[in-house]
Amino acid sequence: MSRRGGGGRRGGRGDYPREQHPSVAPAYPTGGGGPRGRGGPGGNGRGRGGGGGAPSAPPAMTSQRAPPPTTSYYSPPADVPSSSAAAAAGSSSMSLSQELEQRLTIRDPTPAAAEPAATLIQSAPASSKALRPPARPGFGKAGRTCIVRANHFLVEVADKSICHYDVAISPESTSRVRNRRIITELVRMHKDGILGRRLPVYDGQKSLYTAGPLPFTEKAFVIKLGDEEKTDKTREKEFKVTIKIAGQADVDHLRNFLRGRQMDAPQETIQALDIVLRESPSANYVTSSRSFFSPMFGHKCDIGEGLECWRGYFQSLRPTQMGLSLNADISATSFYKPVIVVEFVAEYLKIDTMRSLSDLDRIKIKKALRGIKVEAMHNGNSRRRYRITGITSMPMSEIRFPVDESGTELSVVQYFRERYQCYLKHVSWPCLQAGSDARPTYLPMEVCRIVEGQRFTKKLNDRQVTSILKATCQRPQDRERSILEMVRLNKFNDDKFVKEFGIRIKNEFTPVEARVLPPPRLKYHESGREKLCSPNVGQWNMINKRMVNGGTVEHWTCLSFSRLRGDEINRFCGGLVDMCNNIGMVFNLKPFVGIRAVHPDSMERALREVHNQSLNCLGKSGRHIQLLIIVLPEKSGHYGRIKRICETDLGIVSQCCLPKHVARLNNQYLENVALKINVKVGGRNTVLEDALHNRIPFVTDKPTIIFGADVTHPAPGEDALSIAAVVASIDWPEVTKYKGLVSAQQNREEMIQDLFKVTQDPQKGTIRGGMIRELLLSFYKATNQKPHRIIFYRDGVSEGQFSQVLLHEMTAIRKACASLEEGYLPPTTFVVVQKRHHTRLFPEVHGSRDLTDRSGNILPGTVVDKKICHPTEFDFFLCSHAGIQGTSRPTHYHVLFDENHFSADDLQRLTNNLCYTYARCTRSVSVVPPAYYAHLAAFRARYYMESDLSDGGSTFIWKDFGE
């Protein structure tokens with residue numbers, strides 16, 4: 001391979017050179033099989049094997065396995081000063097880019113001694129708080145100007161001294177509710193005395209704030225509280241509370257930051273003011289993170305299986321260009337119903353209370369009730385609360401325990417009958433267990449009632465999620481009214497704590513100047529009657545259009561696991577084939593083997609039979625089945641298993657269809673399925689016209705790769721792996737085809753661990769790999785050019801993780817690039833994509849055709865970068881999609897690193913235009929497609945990995961984005 005034009009820091013036009021290290025494999029390996037896979041030189045592998053070539057559709061993928069990582073940390077060279085030291089020395093002229101360049105110096109680690117197995121010897125460094133996102137390059141001007149209203153409420157803060165105190169409670173308490181009771185009692189007793197008439201606010205843990213100093217710097221108090229677990233409060237518990245001065249919140253710093261005169265946000269001051277606004281709601285309502293819930297807000301509804309939905313509201317204090325704002329929104333979540341435990345069990349398991357519980361039933365109930373508080377009701381008015389620690393393995397009629405010192409034993413049934421004259425009915429059911437295993441307390445389920453106001457923190461099923469969405473879904477006009485009612489109901493300006501700290505809140509929505517960006521023009525095939533398409537309000541259709549690159553399906557068949565009749569399945573397949581051919585594909589009219597109906601119990605055997613038929617009928621000529629259409633069973637829960645078998649065991653591209661849609665044979669549905677199939681088999685549905693004419697700034701002028709990345713975590717309480725996914729465009733300049741990689745990593749780890757890695761293998765020596773490197777190579781193989789620019793959209797990062805994720809993942813990107821060619825460091829733009837926020841934008845005039853779509857939401861393409869955005873950093877809200885139901889949520893884009901020096905207009909237009917290239921529908925989507933695809937890949941990978949992996953570090957190449 002040549003070195004034409006290689007060289008400088010940004011690299012040249014030349015090829016990637018071969019690795020310099022003699023023990024490293026060439027940069028461009030031929031396609032070859034991994035375990036249980038097949039591949040050819042440069043071709044796509046199948047099954048779990050690896051294929052070297054880039055796919056022709058988003059994303060035809062193969063897989064590779066890597067060993068579980070053992071982590072060691074990279075540190076900056078000793079001669080590079082730390083960020084904090086540099087700041088102290090006043091070297092503010094050093095740019096973020098220069099600092100990162102120093103920190104991201106690529107140094108090969110000293111090769112470790114050969115070990116029996118390959119081990120990971122390097123990972124990215126820890127974070128540095130000194131790294132700051134770039135300043136806003138100015139405001140956008142493109143698009144039609146309009147006014148929207150945002151659910152941000154202006155907050156004014158008086159010039160008061162805010163003092164911070166540390167709180168220590170002994171014996172230590174981990175319950176915020178109990179801690180608040182202790183401090184509330186302390187304030188009640190000493191406010192007019194030792195506290196100098198100050199009214200403090202408390203975060204429930206270690207921090208207490210006052211508007212002005214207390215008369216002491218440190219003081220200890222003794223507080224006595226009644227037992228909260230008993231209705232009889234005569235027995236008191238004693239706590240020692242020590243309050244000690246910790247510092248003072250800098251309000252002037254906050255004002256300077258909001259005016260853009262200081263770059264670092266005074267987080268402690270903002271936190272103190274946020275705690276002030278949360279003090280009364282925390283005492284009056286059930287708290288969950290930044291949301292508050294109460295039955296008094298109404299709209300409580302049953303969502304099934306012993307749970308109910310409560311209405312509440314979210315609030316968060318945020319620094320914005322207009323000053324401090326209170327972001328308030330409506331929220332809802334699930335709670336346990338306050339019912340007798342027997343009733344809960346009957347609802348949760350859907351059983352008759354007269355039958356016994358099986359071992360599987362008992363395990364399910366144990367998982368659902370562990371940690372829940374119940375109130376024992378068998379002792380008249382003397383009721384006591386217990387926290388459930390488990391479920392007994394034996395029925396209560398068989399559980400015996402000593403009742404006196406002589407060792408006399410009674411069963412639970414006898415004890416309750418003789419002691420409380422309580423005659424138990426469900427004697428074959430197990431007991432609830434409270435306390436420890438050494439000193440258990442047995443509680444019959446029928447005498448215990450679940451205490452009201454306990455959140456259900458585990459994963460909800462699909463029906464429950466649907467029930468919550470139906471109960472809380474509101475059109476924009478109704479949601480806006482509900483938010484305003486909630487804010488006014490709370491009467492912040494009349495709150496004694498808010499008054500104490502001199503805070504005032506404006507009880508009206510903030511009007512914000514917005515712009516509606518025009519949609520891009522989409523190019524379709526020349527053979528269609530309509531060759532160009534201008535989307536209307538975020539959507540279009542395939543009428544008179546043909547796919548710009550139609551794929552070919554020569555060998556296909558269909559399996560039905562549903563109860564539909566054979567003629568219905570045949571009619572659906574015929575209609576789907578006709579649709580595919582009509583809109584530009586080349587689709588064989590006849591399946592290579594007959595369409596079959598199979599019982600779901602024989603699902604795996606049927607799938608393997610199709611694979612074997614493919615090998616027998618087509619394998620001799622080097623061909624294989626290109627598409628398997630699957631009609632799912634009526635009962636849900638089979639999709640993941642089908643995808644895992646097809647895509648990781650058999651290497652079959654599949655398209656799953658729900659029986660209810662198959663039976664209807666709707667043309668719109670057939671069109672959507674055809675779009676999905678086309679990209680799965682290597683086609684391209686449409687492309688941006690500007691991409692074909694080199695009119696997309698920062699993309700079409702020179703080879704550019706666009707990445708998307710996301711990490712998905714298991715449901716709360718599950719000890720499963722987190723899954724990271726990275727996708728990258730592999731066609732340039734069209735940027736419509738993406739290849740993706742997924743990797744398992746430690747539970748709840750947000751930073752992507754497998755972006756770049758260096759391993760030592762006893763036979764192969766030093767091996768450089770990782771997802772970024774592999775995707776850069778795929779881009780090169782597909783385009784014969786190396787990327788001269790990187791745009792990285794990173795989903796799922798919270799503000800508190802910005803610096804940590806930026807430094808870790810930019811380090812990995814740098815190392816991956818440098819591992820391909822010395823000095824190869826293409827300029828990179830790193831953008832965080834956030835959907836989990838509570839900012840909502842409402843039209844200035846509800847119902848106006850010029851301002852709203854059919855659902856009453858703001859128009860697709862609406863972008864906001866003023867007033868409610870960050871005071872100094874480069875961020876914006878973009879609503880790129882048309883609403884369907886409820887209130888649209890704009891996506892927040894925050895630039896953390898920008899060596900390409902985007903203008904506001906260029907990045908906003910690029911992001912909006914990309915949202916029209918999503919391959920699976922003829923609508924613009926709400927999240928930029930690379931990030932959307934990464935989310936889908938990580939979600940799909942959980943089907944692959946949950947039954948297949950026991951540790952992190954394995955990388956799979958995902959097969960399609962079509963489902």
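The values are calculated or read from the model by the stated rules, or taken from the named source; none is laboratory data. As the structure is a computational prediction, the values presented were derived from the model and not from experiment. Reconstructed Cβ throughout: ideal geometry from the backbone, glycine too, with neighbour counts over all protein chains shown.
Just a few scattered comments:
- For the stretch 253-286, the candidate set comprises residues that are out of contact with any Leu (no Cβ under 8 Å at 6 or more places or on another chain) and either β-branched (Val, Ile, Thr) or in a strand (DSSP E or B) (or both); within that set, the residue that is farthest from ARG504 (Cα to Cα) is VAL286.
- Test: residue in the stretch 881-899 that is more than 23 Å from ILE790 (Cα to Cα) and among the aromatic types (Phe, Trp, Tyr): no
To keep it simple, each residue is scored yes or no on (1) part of a strand (DSSP E or B); (2) more than 28 Å from the chain's Cα centre (by Cα).
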residue	(1), (2)
LYS702	no, yes
PRO714	no, no
ALA728	yes, no
PRO733	no, yes
THR736	no, no
ALA744	yes, no
LEU775	no, no
TYR780	no, yes
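- Residue in the stretch 404-414 that is outside any helix (DSSP H, G or I), under 21 Å from LEU349 (Cα atoms) and of a type in the set (S, T, N, Q) present: no
- Taken over the stretch 813-837, the criterion of being surrounded by 20 or more Cβ atoms within 10 Å (Cβ to Cβ), part of a loop (DSSP other than H, G, I, E, B) and either among the small types (Gly, Ala, Ser) or free of Cβ contacts under 8 Å to residues at least 40 places away in the same chain (or both) is satisfied by SER819 alone.
- Residue match in the stretch 561-577 (condition: within 36 Å of the chain's Cα centre (by Cα), surrounded by 19 or more Cβ atoms within 10 Å (Cβ to Cβ) and outside any helix (DSSP H, G or I)): yes
- Pairing residues of the stretch 370-382 that are within 16 Å of LYS458 (Cα to Cα) with residues that are small (Gly, Ala, Ser), at Cβ distances under 7 Å and at least 6 apart in sequence or on separate chains, gives ARG370/GLY390.
- Taking every residue in the stretch 132-144 that is on the phi > 0 side of the Ramachandran plot and pairing it with any residue that is at pLDDT 95 or above, at least 6 positions away or on another chain, the pairs with Cβ-Cβ distances below 8 Å are GLY138/SER903; GLY138/ALA904; GLY143/ARG515; GLY143/VAL516; GLY143/LEU517; GLY143/PRO518; GLY143/GLY861; GLY143/VAL863.
- Every condition in (1) at pLDDT below 90; (2) touching a Lys or Arg at 6+ places or on another chain (Cβ under 7 Å); (3) of a type outside the set (Phe, Trp, Tyr); (4) assigned to a helix (DSSP H, G or I) is met by GLY962 except one, and the failing one is (4).
- Contact map, the stretch 600-629: first residue more than 19 Å from GLY551 (Cβ to Cβ) and at pLDDT 95 or above, second residue in a strand (DSSP E or B) and β-branched (Val, Ile, Thr), Cβ cut-off under 7 Å, separation 6 or more or different chains; pairs are VAL610/THR557.
- Residue in the stretch 793-812 that is hydroxyl-bearing (Ser, Thr, Tyr), buried (at least 21 other Cβ atoms within 10 Å of the Cβ) and touching a helix residue (DSSP H, G or I) at 6+ places or on another chain (Cβ under 6 Å) present: yes
- Matching entry among SER316, SER356, SER280 (being farther than 23 Å from MET377 by Cβ, surrounded by fewer than 21 Cβ atoms within 10 Å (Cβ to Cβ), in contact (Cβ under 8 Å) with a residue 40 or more places away in the chain and not assigned by TED's automatic domain parsing to the domain that holds LEU199): SER356
- Filter result for ILE503 (of a type in the set (Val, Ile, Thr) and either surrounded by fewer than 17 Cβ atoms within 10 Å (Cβ to Cβ) or at pLDDT below 95 (or both)): no
- Residue in the stretch 872-883 that is surrounded by fewer than 21 Cβ atoms within 10 Å (Cβ to Cβ) and of a type in the set (A, V, I, L, M) present: no
- Elements of type strands (runs of 3 or more DSSP E) in the stretch 287-351, at least 1 residues being of a type in the set (A, V, I, L, M, F, W, C) and in contact with a Gly (Cβ under 9 Å, 6 or more places away or on another chain): 291-293, 307-320, 323-336
- Residue selected from the stretch 169-218 under the condition of a type in the set (D, E, K, R) and surrounded by 14 or more Cβ atoms within 10 Å (Cβ to Cβ), by the criterion nearest to LEU277 (Cα to Cα): ASP203
- Residues that are in contact (Cβ under 8 Å) with a residue 24 or more places away in the chain, within 24 Å of the chain's Cα centre (by Cα), in a strand (DSSP E or B) and crowded, with 21+ Cβ neighbours inside 10 Å do not occur anywhere in the stretch 749-772.
- Top-ranked residue of the stretch 669-718 - restricted to ones that are exposed (fewer than 14 other Cβ atoms within 10 Å of the Cβ) and touching a residue at least 24 places away in the same chain (Cβ under 8 Å), ranked as farthest from CYS573 (Cα to Cα): GLY717
- Of all positions in the stretch 210-219, none carries a residue that is among the charged types (D, E, K, R) and either under 30 Å from ARG136 (Cβ atoms) or at pLDDT below 95 (or both).
- Residue check for GLU485: without any contact (Cβ under 8 Å) to a residue 24 or more places away in the chain, out of contact with any helix residue (DSSP H, G or I) (no Cβ under 8 Å at 6 or more places or on another chain) and not in a loop (DSSP other than H, G, I, E, B): yes
- Taking first residues from the stretch 158-176 that are farther than 19 Å from VAL222 by Cβ and partners that are basic (Lys, Arg) and at pLDDT 95 or above, no Cβ contact under 6 Å between residues at least 6 apart in sequence or on separate chains turns up.
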